[in-house]
Amino acid sequence: MKHLTTRRASARYLLPGIAFALLFLAGLLLPLEANAQSSVRPPEDATTSIAPPGPPLQGGVQGTESDADIWRDIRQGEVGYVPIPDKSAGLMIQSQGEDWRLYRNGPMNDYLGYAMLATIVLLALFFAIRGRIKVEHGMSGIKIKRFSTLERMSHWLMALSFITLGISGLNFTFGRSFVLPVIGKDLFGPLSGFLKATHNYTAFAFMVGLVLAFVLWIVHNIPDRTDLNWLAKGGGLIGKSNHPPARKFNAGQKLIFWGVMLLGLSVSVSGWALLFPFEHHLFTSTFALLGNIGIDVPAILGLPEPPYTAIQEQQFNSAWHGIIAVVMICLVLAHIYIGTIGMQGAYDAMGSGEVDLNWAREHHSLWVEEVMAKKTERSSPAPAE
Amino acid sequence: MKAFLLSIAVLLLIVAGARFGLKPLWETPSAVAYSTDNVRLH
């Protein structure tokens, strides 16, 4: 009896189980359309598509159809029609933008970072090996005027604006990688906005400083014969009692001057084109100019052939601006090094404007002679005729 | 020190001048930005 009850109980669960399995299999075997059928039947005259009347649109108005040709054209920079004055908005995908983005976020950022790190490491190594360049005969205690207030003001104007531009500019390039993870999005966003505005407006102070320095110092930075001798002796940086004669600026300082002037001009022009976008075609013009003298820059660098669109010009400007700025940063790091910890007595030139006579005799002997000769001329009046 | 402080003053002056001088050029007032001359919505 007990055995019979168990069998009946099994049959009670077996039948619904088989029925469920059959339903499940039927569900799998039924066509998909049947699954998609709605229980609500639309009226006979209902519109089944939202497509407008007329011939069918390419690509399908609902985007449900794929049209490889039209999307390939858009991807390759096909310009469509837009009913607004800015016709450049008709360009849906600027294909070169992706190339620029990958270059900027990839090799460009990497190499610029390595260049700055390498400069710092080299300077640290040089300092470790050479140590501080001291005034060999010791400080005399006699001061000689080296730079006027206007000269120093111009230098500091350029220096302060450059440091501000450097910090804010590096935030554009490396901030997302290095600053954002440390301070978080909430702070990084407003900070970057502030730094961007600071960068834009401080640029004008840098340009003013650059022009002032050019006007004040060009006359002392024209290369002459003494520079060759100075360079041949390595500027006296290596070894002792090896100070080649120099005028107000030695060859090393002249290199810094011309480097800052030329790179500063380039960074200012590219920065100007970024501040006032889509108005200049610097790269198309420059490449055409260089092409006329047989230098095919696009072919050398593997760039697309000019003429470039306004947005391409902006992308080139952005990359060029960053590269030149970092080259300047490396140059200025070396300048700061030699003007501060690298050489005893050098900072006074831009600090107080007066340098020690012994320092001046060791590093700018010809300039000291010129200054002394002028002093003697002033102190001894010309004999009456 | 005098030259350094002077350079800070000149820098701030130029930055402030650029800020106020270029504001109308860089920031378009909404009345102009959304005028029918600038934007056509039909």
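Using a Förster radius of 60 Å, what is the FRET efficiency between A:Arg72 and B:Lys2 based on their Cβ-Cβ separation? Nearest 0.05, please. Write out the running numbers ahead of the final one.
Values: r = 66 Å, r/R0 = 1.10.
The formula returns an efficiency of 0.35 here.
Can you list the residues, at least 5 places off or on another chain, whose amide H is less than 5 Å from the amide H of A:Ile93, using H built in the peptide plane?
Under 5 Å from the amide H of A:Ile93: A:Gly77.
Past the 18 Å Cα-Cα mark, which pairs from A:Lys143/A:Lys233; A:Lys196/B:Lys23; A:Lys233/A:Lys374? Mind showing how you got there, number by number?
Working: A:Lys143/A:Lys233 27 Å; A:Lys196/B:Lys23 14 Å; A:Lys233/A:Lys374 29 Å.
Too far apart for the 18 Å limit: A:Lys143/A:Lys233; A:Lys233/A:Lys374.
Full-extension gain between A:Ala319 and A:Tyr111, please, as 0.36 nm times their residue separation minus the C-alpha to C-alpha distance.
Working: separation 208, 0.36 × 208 = 74.88 nm, distance 1.24 nm.
Length difference between fully extended and current span is 73.6 nm.
Among A:Ser88, A:Asn109, A:Thr149, whose Cα sits farthest toward the positive end of the charge dipole of the stretch A:79-151 (+1 at Cβ of Lys/Arg, -1 at Cβ of Asp/Glu, about the Cα centre)?
About the Cα centre, the residue reaching furthest to the positive side is A:Thr149.
Bear in mind that the values in this text are calculations on the coordinates, not laboratory data. This is a predicted model, so every value here is computed, not measured. Quick reminder, even Gly has a Cβ in these numbers, built from the backbone with ideal geometry, and neighbours come from all protein chains shown.
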